[in-house]
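Novice: Handing you this structure, nothing more for now.
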Amino acid sequence: MLAALAFLAGGALGQGAPAQPAPESLALPAAVEASQRGIDPERIRAHVRFLADDLLEGRGTGTRGGDIAARYIAAQFALDGLKPAGDAGSYFQKVAFVGVQTGPATRFSLQPEQGSPLDLKLADDYVVNNETQTDGVDIDAPLVFVGYGIDAPEYQWNDYKDVDVRGKAVVLFVNEPPSKDPKFFNGEALTYYGRWTYKYEEAARKGAVAVLIIHRTDLASYSWEVVRSSWSGEQVYLAGDNAPKLQAASWIQLEVARLLFAASGLKLEDQFAAAGSRNFRPVALPVRLKAHIASKVRKFESSNVVAMLPGTDKGAARQAVMYTAHYDHLGIDPDLPGDNIYNGAVDNGTGCGILLELARAFAEGRERPPHPVIFASVTAEEKGLLGSRFLGEHPPLPAAQIALDLNYDAVQPIGVAESVTVTGAERTSLYPAVQKTAAAFRLAIEPDANPGAGHYYRSDHFSMARVGVPAFSINAGVKYAGRSADWGKAQESDYVAKRYHRPADEYAPEMDFSSNAQVARFGFALGWQALLAPQPVLWQPGDEFDAVRSRGGKP
């Protein structure tokens, strides 16, 4: 089987790699620098070519194609001679899921004390999912407007002050209070308090039965079409998660919110302004949510694929390094005419290809690392980072013993990169090494172009950060050799507009994997510096994840 999988990956390896600038010395052992130089873009190409093949049917979570991808990745780890780090001596860490698909019989109505009810149209006016994972639920609950729905004692902010929302439905804005002060909700950079996931979690903890998030494109950083497409399909949850759940986790269109406030004798703009003040107090609205949510529920399994290269140190590991990349994508849409396979070549065939080439480089290197190196290709990223969340909660080594997680997700294969993005690295004590390494590789570090979008909280490294592990993603920037930054931005925009989460995200022979190899070498060098450092990587004092780290990875 291993030979067959290698054949399907296609082509000779290690041939025809484009010339790339060699990095300046980072004072790493000579054998480490040799392994770094041996990272091959054509090997990455071979992995992407296989993982994005129609045979894998879009690598949907819990599908045959997703399982083939997991087995392929495990086979590569085995060929490298890496130690299995999954369940029962295998490479597979089984993850149990529950899928919930909202059905067409669902009804959602806003009924004011005075006036006609506002009956909403599913997908056009609202989207909803029943987190309690039952076939049907009926709701009749009063509405309370709670601003941004944030309770953040460290910022002296509480949108739930003086209100009991148990059994009620709360209306709130996505994002967080506007600020340019880096000491107040990190200024213009989004914190986790601004993410929709936090809004649902916090409201459920406080006993609410429903949340209606008001969508605004400028605040969410994506359009209603993204919300509609993301929530029209099956929503997936970790099985056995005992955290409080909402009967209705929903979004509503901005114009629906405007009508809701008008029915309450209020103006949306006035309430939005009031929500940005510490003096804001919740507003009980003279409107009830009456809803019936019909759902189709199923249980299924998928697997993270986890391997380890043991360290040469004696005793308990203190500063293992982890590399992560998700292998799942969106599968097949049977209702889509024509090509209906979401192959996910860039997202995230590239990250998997990089992860597998890093694993090979470490495993075949003549210099053995002093501490363990973990390679994890996770499932269900597209379902809300669920595979990596499970990995973070059940790591192969205690979270306190993992010094660093470096994640790869959707690296454009379009040439020789001259810049790199490492958003979140500045939050860690590794950042001086990141700067030094980028300079050695002649890569400019690009700042986050849209800090308000909260990209740090939208990829798998975040799941490791949540358990205290210093973590960030590495990607190529927008500057490529012989091209302007505007060209790079145009390529990125074109990908998002035409191929991102579409069947058109396919492998093409003209792809240039030089950038993939560069960011792999960059991450290889960073990992080795963390492994050789006299002390483990730390969060910067006061960072939101620093307290978790000090508790040994316990939230």
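Derivation of every value follows stated rules applied to the coordinates shown; laboratory data play no part. Predicted, not measured: the structure shown is a model, and the values here were computed from it. Cβ: placed from backbone, ideal geometry, glycine included. Neighbour counts: every protein chain shown.
Novice: For a footprinting-style exposure proxy, rank HIS215, HIS326 by other Cβ within 10 Å, fewest first.
Specialist: Values: HIS215 25, HIS326 32.
Listing HIS215, HIS326 from fewest to most nearby Cβ atoms yields HIS215, HIS326.
Novice: Please list, in order along the range 417-429, the HN-Hα scalar couplings obtained from phi with the Karplus expression 6.51 cos²θ - 1.76 cosθ + 1.60 (θ = phi - 60°), rounded to whole Hz, x for Gly and Pro.
Specialist: 6, 10, 8, 9, 10, 9, 4, x, 4, 5, 7, 10, 6
Novice: Toward the positive end of the charge dipole of the chain, about the Cα centre and with charges on Cβ (Lys, Arg +1; Asp, Glu -1), which of LEU238, TRP539, GLY65 goes farthest?
Specialist: TRP539
Novice: Continuing with this model, one more query. In whole Hz and in residue order, list the ³J(HN,Hα) couplings for the range 402-413 that follow from phi through the Karplus curve 6.51 cos²θ - 1.76 cosθ + 1.60, θ = phi - 60°; x for Gly and Pro.
Specialist: Once rounded to whole Hz, the list reads 9, 7, 6, 10, 10, 10, 10, 8, 6, 9, 5, x.
Novice: In whole angstrom, how far apart do the alpha carbon centroids of the range 241-299 and the range 126-144 sit?
Specialist: 12
Novice: Within the range 469-516, which GluC sites (Glu not before Pro) sit in a loop by DSSP and count at most 15 neighbouring Cβ atoms inside 10 Å? Show your work: numbers first, answer last.
Specialist: Working: sites: GLU492, GLU506, GLU510; in loops: GLU506, GLU510.
For GluC sites (Glu not before Pro) across the range 469-516 that sit outside H, G, I, E and B with at most 15 neighbouring Cβ atoms in 10 Å, the list reads GLU510.
Novice: The range 144-227: which GluC sites (Glu not before Pro) are DSSP loop and have at most 14 other beta-carbon atoms within 10 angstrom?
Specialist: Details: sites: GLU154, GLU188, GLU201, GLU202, GLU225; in loops: GLU188.
Here the sparse-neighbourhood loop sites are GLU188.
Novice: I'd like to know how the range 476-555 sits against the 2.2 N^0.38 Å rule of thumb: what's its Cα Rg over that expected value?
Specialist: Details: Rg = 18.9 Å, N = 80, 2.2 N^0.38 = 11.6 Å.
It is 1.62.
Novice: Compute the long axis of helix 64-80 from its Cα atoms, compare it with the longest principal axis of the Cα atoms of the chain, and write down the angle in degrees, 0 to 90, nearest 10.
Specialist: 30
Novice: Would you mind checking the pairs LYS296/LYS498; LYS206/LYS267; LYS161/LYS245 and listing those with alpha carbons more than 25 angstrom apart?
Specialist: Values: LYS296/LYS498 31 Å; LYS206/LYS267 27 Å; LYS161/LYS245 21 Å.
Too far apart for the 25 Å limit: LYS296/LYS498; LYS206/LYS267.
Novice: Just how large is the dipole of the range 404-555 about the Cα centre, in debye to the nearest 20, putting +1 at every Lys and Arg Cβ and -1 at every Asp and Glu Cβ? Intermediate results must be reported in sequence, preceding the final value.
Specialist: Details: 15 positive and 17 negative charges, 65 e Å.
The dipole of the range 404-555 has a size of about 320 debye.
Novice: Let me ask another. I need the phi-derived Karplus couplings for the range 468-481: 6.51 cos²θ - 1.76 cosθ + 1.60, θ = phi - 60°, integer Hz, Gly and Pro marked x.
Specialist: Result, ordered by residue: x, 7, x, 8, 6, 9, 10, 8, 6, x, 9, 9, 10, 4 Hz.
Novice: Further question: Debye sum, Cα scatterers, the chain, no solvent: what log₁₀ I/I(0) at q = 0.09, 0.12 1/Å?
Specialist: Ignoring solvent entirely, the Cα scatterers give -0.68, -1.17.
Novice: Compute the acute angle (0 to 90°) between the alpha-carbon long axis of helix 351-364 and the principal axis of greatest extent of the alpha-carbon atoms of the chain; round to the nearest 10°.
Specialist: 30
Novice: To one decimal place, what Kirkwood hydrodynamic radius in Å is obtained for the range 86-190 from all pairs of distinct Cα atoms? Display every interim value, and only then the final one.
Specialist: Working: mean 1/r = 0.0556 Å⁻¹.
In the range 86-190 this quantity evaluates to 18.0 Å.
Novice: If you don't mind, another one. With the Cα gyration tensor of the range 100-297 in hand, give its eigenvalues times 5 under a square root as the equivalent ellipsoid semi-axes, listed largest first in whole angstrom. If you can, show how the numbers build up before the last one.
Specialist: Values: eigenvalues 123, 78, 53 Å².
That gives 25, 20, 16 Å for the three semi-axes.
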